[in-house]
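Read through the structure below, which is laid out as structure tokens, and then see the notes.
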Amino acid sequence: METKRILLVEDNLNDVELTLAALEEHRLSNRVDIVRDGVEAMDYLYRRGAYTDRADSDPVVILLDLKMPRMDGLEMLRRIKKDQELKQIPVVMLTSSREEQDVVESYELGVNSYVVKPVAFNDFVDVVKHLGLFWALINEPPPDAPQKI
Amino acid sequence: MTKADEELSRAIEERKRAEAALAESEERFRLLVEGLSDYGIYMLDPQGYIVSWNEGAKKIKGYQSEEIIGRHYSCFFAGEEIAEGKPARMLEEAASRGRIESEGWRVRKDGSRFWVSALVTTLRDEEGRVRGFSNVTRDITERKQAEQFRREFSLRLERRVAERTAQLEAANEELEAFSYTVSHDLRAPLRHIDGFVQLLKKREGEKLDPTSARYLRIISEAANKMGILIDELLALSRTSRTDMQVHRVELNKLLDEARRELAPTMANRKIRWDISNLPPVEGDSTLLKVVLINLLSNALKYTSPLRNALIEIGSKPDEDGKAVIFVKDNGVGFNMKYVDKLFGVFQRLHRDEEFEGTGIGLATVRRIIHRHGGQVWAESEINRGATFYFSLTQSQGAK
């Protein structure tokens, strides 16, 4: 059976660890691929550089941080939604920012969901649970999603 | 004397009288022209040489008639204009068009410049040949300087406004960048604190002694509290960024002003007002007027389908000693299920087709009241009116 992967794009190691811990509460952490900024994420998606031999199919969801070095979340979102194939992959902004400008811009760029990470970890676990379960297990990916194995 | 002789002598007499009359008229005209001192009037021959010169020309250009008559009129122009052939061109144009008007810098005898308004008219003989040009000039340097001064002044003013605007924009941008940074970067460490505390608690579980568990709970609570503080700080910074000028505010007076400002929206409407005496409060009168205007215009808006609109404004003290002001209407109301959305930015409980609005008004009300340390809330039932409450600190001081 094909594994449904979650791509986590996050530069902060603390956040990576907490997100994994939250996903682990729902037995989802083993499905997560982690990249540390937008550039690496694009390499992953296009199977370039270190990811030339990536075998799995495209992730069922991309969890995207906003502020990252080299290429930030908004820029990455813009590139994904411009790409005919990649734009099928649901993108969830998972960020600290409640700033209206970020929310508005994300939706304008076609984000599928915008989630503000709550300060309280238990709330965060709940959020991640909904996200993980919904996107990884419940949501049916688009039928024409590229299946490259 | 023969009859013929008589006629001849009469004709001669008539001719003499006519000539005398003409000479007199010419003399009068010459005196008039020469005497005009505000207008420089001089004649040119077809080639542009000066043939006559009046008092005004003398005054304006500084030449006596004996030193200027016979010279070419290009001596009034600046060197660069002579070089590009302007004097000759003006005469050509006057000849072809009959007359030209122009403004420009000219040079006086002493070399100083002045701004002139000139009218050059072509004089022709009966066969239509150019006999010369008349030139009427006026020194309007003062007017020109006033214009220039005005232009420079408004230019300076514009520049200053632009500078100030740029400064303000820069300050605003800094503030935006600041709250953006707060929003992004200050919240993250708090999340990490609480996150790892929770992970630690989970990992140690039963092994934690009660004191350690209490410490962890305090750390976690503090982090969450700071998260809330950051959020409120951001909301506050987004409110109108003017400094608050807090004074004693007479709400009834402010209410009158607000109603006056809303008068145009009440035209052709029957509205019963029931306004009680309101207590004086502490606040920024400009901002509080915005609150009243928003609440009143809401009440007016949502009672607009009614024939007998009733708007009540009153107050009651609350348990903390604050003044609670309410604005109550008998309008269409709203479903209390959505009361939480009521004060959110861009949140609307009615479609634009029913009632126009931007969804900013009540959010603004809330922000301002929060800035004053007060609260806002609302109660309603569909089709049975709505009541909006806000609380403010009562003014204790004397008037």
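Per-structure values
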item: Candidates A:Val119, A:Val91 - the one that is modelled with pLDDT of 85 or more and among the β-branched types (Val, Ile, Thr); result: A:Val91
item: Selected residue [more than 18 Å from B:Gly374 (Cβ to Cβ), under 38 Å from the mean Cα position of the chain (by Cα) and either outside any helix (DSSP H, G or I) or at pLDDT below 95 (or both)] from B:Lys289, B:Lys253; result: B:Lys253
item: Residue that is farthest from the chain's Cα centre (by Cα), among those in region B:143-157 that are under 16 Å from B:Val116 (Cβ atoms) and open to solvent by less than 90 Å² (accessible area, probe 1.4 Å); result: B:Lys144
item: Residue selected from region B:377-399 under the condition open to solvent by 20 Å² or more (accessible area, probe 1.4 Å) and of a type in the set (Val, Ile, Thr), by the criterion modelled with the highest pLDDT; result: B:Thr393
item: Residue among B:Val51, B:Val130, B:Val120 that alone is touching a residue at least 60 places away in the same chain (Cβ under 8 Å), under 26 Å from B:Arg30 (Cα atoms) and surrounded by 15 or more Cβ atoms within 10 Å (Cβ to Cβ); result: B:Val130
item: Candidates B:Gly62, B:Gly70 - the one that is surrounded by 13 or more Cβ atoms within 10 Å (Cβ to Cβ) and on the phi > 0 side of the Ramachandran plot; result: B:Gly62
item: Pair list, Cβ under 6 Å, 6 or more apart: region B:203-224 residue assigned to a helix (DSSP H, G or I), other residue open to solvent by 60 Å² or more (accessible area, probe 1.4 Å); result: B:Leu216/B:Lys201; B:Ala223/B:Ile193
item: Region B:163-177, residues that are within 14 Å of chain A (Cβ to nearest Cβ) and either within 15 Å of A:Asp102 (Cα to Cα) or at pLDDT 75 or above (or both); result: B:Glu176, B:Ala177
item: Which listed residue is among the polar types (S, T, N, Q) and surrounded by 14 or more Cβ atoms within 10 Å (Cβ to Cβ), from B:Ser220, B:Ser212; result: B:Ser220
item: Which numbered condition B:Thr165 misses (of (1) touching a helix residue (DSSP H, G or I) at 6+ places or on another chain (Cβ under 8 Å); (2) among the β-branched types (Val, Ile, Thr); (3) without any contact (Cβ under 8 Å) to a residue 60 or more places away in the chain); result: (1)
item: Residue, nearest to A:Leu63 (Cα to Cα), within region A:1-18, restricted to residues that are open to solvent by less than 20 Å² (accessible area, probe 1.4 Å) and of a type outside the set (A, V, I, L, M, F, W, C); result: A:Glu10
item: Conditions (1) open to solvent by 60 Å² or more (accessible area, probe 1.4 Å); (2) among the hydrophobic types (A, V, I, L, M, F, W, C); (3) in contact with a Ser or Thr (Cβ under 7 Å, 6 or more places away or on another chain): number failed by B:Ile193; result: (3)
item: Test: residue in region A:67-88 that is more than 14 Å from the chain's Cα centre (by Cα), closer than 21 Å to B:Leu186 by Cβ and not polar (S, T, N, Q); result: yes
item: Considering residues of region A:27-38 that are over 21 Å from A:Glu75 (Cβ atoms) and more than 14 Å from chain B (Cβ to nearest Cβ) only, the residue modelled with the highest pLDDT; result: A:Val32
item: Selection status of A:Ala21, open to solvent by 10 Å² or more (accessible area, probe 1.4 Å), more than 14 Å from chain B (Cβ to nearest Cβ) and among the hydrophobic types (A, V, I, L, M, F, W, C); result: no
item: Spans of strands (runs of 3 or more DSSP E) in region B:13-111 with at least 2 residues under 24 Å from B:Lys144 (Cα atoms); result: B:40-44, B:99-107
item: From A:Arg54, A:Arg79, residue being over 21 Å from A:Val128 (Cα atoms) and open to solvent by 70 Å² or more (accessible area, probe 1.4 Å); result: A:Arg79
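Table: residues versus (1) buried (at least 18 other Cβ atoms within 10 Å of the Cβ); (2) within 11 Å of another protein chain (Cβ to nearest Cβ).
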position: A:Glu40; (1), (2): yes, no
position: A:Leu64; (1), (2): yes, no
position: A:Gln84; (1), (2): no, no
position: A:Thr95; (1), (2): yes, yes
position: A:Asp102; (1), (2): yes, yes
position: A:Asn112; (1), (2): no, no
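The values are calculated or read from the model by the stated rules, or taken from the named source; none is laboratory data. Please read all numbers here as calculations on a predicted model, not as lab measurements. Quick reminder, even Gly has a Cβ in these numbers, built from the backbone with ideal geometry, and neighbours come from all protein chains shown. Surface accessibility is based on the protein's heavy atoms, side chains included, excluding ligands, DNA and RNA. Shrake-Rupley method; radii C 1.70, N 1.55, O 1.52, S 1.80 Å.
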